[in-house]
Each structure stands twice: as structure tokens, then as C-alpha cells.
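Heads up: the structure comes next, in C-alpha cells.
The values are calculated or read from the model by the stated rules, or taken from the named source; none is laboratory data. Because the structure is a prediction, the values reported are computed rather than measured. With ideal geometry, Cβ positions are generated from the backbone for all residues, glycine too; neighbour counts draw on all protein chains shown.
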Amino acid sequence: MSDVVEAPAARACVLLAEDDPVSALFLAEALRSLGLDVDACDDGLLALARARVRRYDLLLLDCRLPGLGAQGILGTLAADATMASHGVPAIASSAEMTAAQEHALHAQGFARVLRKPMQVQDLEQALTAVLAGAAPLLDEAAALEASGDARTLEALRGLFQTELETLSTQFDTLLDDHAELRERLHRLRASCGFCGATPLSHACERLASADIADAATDPRVKTFRERLTGTLQALRERTAANA
């Protein structure tokens, strides 16, 4: 599918609410390095105001923000279904936290709780787990909007499945050629945009931006393999159902 016009592949956007300047800089840069857009603020009431009118893909909230902490923000959003970010998955972060406080955060509905300071790998693992559960492997509405109609979409997905089958057999070899891998991932993101494969698109972007030192342990490689396998299986099931 490399000869088609590239459809814009949506980047997941995170609302980052963090008042410590050092932590805010680290988290914002880490999120961007993982292929995410970031909307950052340093005040809880401002974070709530933004979440009220914009639907984010993820909320990353410090527990002790000025004005309103993570629990207050999530509680307000959960109580009002008219707010744009009602129901959006959230991760809480804190430098000081007892076991009881961590349990309370999980009980309230936070998908993950991260202790500061943290490593980029800790953040990556949390994002992978949370965003994987937030988006379907194949988004029908997004795919129809990008492709134009159901007949075109089915044709594109047939080509997309062939593309993924080929990549699946070549992926281990491509890990030894970073330039070629990045080029293939760039082309694959175009296909993802047309076919509604948003999680795979995000995994492509994160892997393309990575400097892979050890493919066997790099979480971005692991995530990409999982998204590739899952998306390919979903396409195979659709093909079998339509046969």
C-alpha cells in the first residue's frame, strides 16, 4: 500500500498535570519520545477545565496539584458524563505514597499508579497496558471516515493484511537495519490510518522513534510485536467471517 496517499494517523494525546517543573519536563519529553502528543499544565483546576471541553486519550495526573489533585479531577469527571473526558483512562503519579493511598487510587478507578521518580521504561509499560485497553485494534468508524466507503475499506484491508503478513515474516531481520525499519514503519502508519488500526499506528510511531540497543528486551519492540500479531489476527478473522 505504499503508493496510496497517506492518511493522517492520529496521535494519542495525553493531558499531563504536574506542578513540579523537573518532573513535568521529564514526563513531557518522555511521552513525546514515545510518540504521544502532550497537553501540559501545572494546576489541577486548569487540568479539569481542559478535560471538561476536550476528550483526551489518557490523563496523567499528579496527586498533589495546586487547586485540585488527581483524585479530585478524576472524581469530578466520573460524576459528570457531559464532560468531554468522562471515562478516559487515568494514571496517577506521586513522589510519596503509602500502600493504603495506592490502594485507594486503584479503587477510585485509576488504571495505573506510578511512583516518582520513574524510568521511561516504567512509563512505557504503563502506557502500553492502559492504551491497549482503551482502543480497539480495528476502529470501524475511523476507517470508514478515512477510506470513504465500505467497499473501498474492504479492498484496502485486504492489501493491509498482505502487508502485515509480509512484515511479520521479515520483522526480525529488519531489526538489524534501523534505517529500513523506520522506512517500513512510516509506510505502515499510512496503511494504519486508512484501515483504522490506531493501536498499531501508535506502536509504529514509538518504535520508529526508538534507538534500539537490545531488541530482545526493548518494550517498544515487544509492544509492536503484540500489536502486529493482534491486528493481523483481527484481519484474518474478518476475512474468514466475510468468506
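For the stretch 38-84, which positions are of a type in the set (G, A, S) and either more than 21 Å from A24 (Cα to Cα) or buried (at least 18 other Cβ atoms within 10 Å of the Cβ) (or both)? Answer for the stretch 38-84, where residues must be of a type in the set (G, A, S) and either more than 21 Å from A24 (Cα to Cα) or buried (at least 18 other Cβ atoms within 10 Å of the Cβ) (or both): G44, A47, A51, G69, A70, G75, A78, A79, A81, A84.
Using the structure shown, decide if L188 is over 21 Å from G158 (Cα atoms) and within 17 Å of the chain's Cα centre (by Cα). No, not satisfied.
Looking at G87, G35, just one residue is assigned to a loop (DSSP other than H, G, I, E, B), exposed (fewer than 14 other Cβ atoms within 10 Å of the Cβ) and assigned by TED's automatic domain parsing to the domain that holds K116, and that residue is G87.
Give L175, L156, L185 a once-over and let me know the one that is in contact (Cβ under 8 Å) with a residue 24 or more places away in the chain, surrounded by 13 or more Cβ atoms within 10 Å (Cβ to Cβ), within 22 Å of R236 (Cβ to Cβ) and not hydroxyl-bearing (S, T, Y). Quick ask: steps written out before the conclusion?
Values: L175 fails: within 22 Å of R236 (Cβ to Cβ); L185 fails: in contact (Cβ under 8 Å) with a residue 24 or more places away in the chain.
Step by step, each of L175, L156, L185 is checked, and only L156 is in contact (Cβ under 8 Å) with a residue 24 or more places away in the chain, surrounded by 13 or more Cβ atoms within 10 Å (Cβ to Cβ), within 22 Å of R236 (Cβ to Cβ) and not hydroxyl-bearing (S, T, Y).
Residues that are surrounded by 13 or more Cβ atoms within 10 Å (Cβ to Cβ), farther than 23 Å from R55 by Cα and free of Cβ contacts under 8 Å to residues at least 40 places away in the same chain within the stretch 116-142 comprise M118, D122, listed in sequence order.
Quick check on this structure: which one of D214, D176 is at pLDDT 85 or above, outside any helix (DSSP H, G or I) and more than 21 Å from the chain's Cα centre (by Cα)? Working first, answer last.
On the way: D214 fails: at pLDDT 85 or above.
From the options D214, D176, the qualifying one is D176.
None of L65, L46 is assigned to a helix (DSSP H, G or I) and at pLDDT 95 or above except L46. Every test in (1) over 22 Å from T173 (Cβ atoms); (2) more than 14 Å from the chain's Cα centre (by Cα); (3) touching a residue at least 40 places away in the same chain (Cβ under 8 Å) is passed by A241 save one, and that test is (3).
Here are A78, A146: which of them is in contact (Cβ under 8 Å) with a residue 60 or more places away in the chain, assigned to a helix (DSSP H, G or I) and either touching a Cys at 6+ places or on another chain (Cβ under 9 Å) or over 30 Å from F194 (Cβ atoms) (or both)?
Among A78, A146, only A146 is in contact (Cβ under 8 Å) with a residue 60 or more places away in the chain, assigned to a helix (DSSP H, G or I) and either touching a Cys at 6+ places or on another chain (Cβ under 9 Å) or over 30 Å from F194 (Cβ atoms) (or both).
Remark: D122 matches the filter, which requires a residue to be charged (D, E, K, R) and closer than 28 Å to T198 by Cβ.
Conditions (1) touching a strand residue (DSSP E or B) at 6+ places or on another chain (Cβ under 6 Å); (2) farther than 27 Å from D57 by Cα; (3) of a type in the set (D, E), marked per residue:
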site	(1), (2), (3)
E145	no, no, yes
L164	no, no, no
T169	no, yes, no
E183	no, no, yes
R220	no, no, no
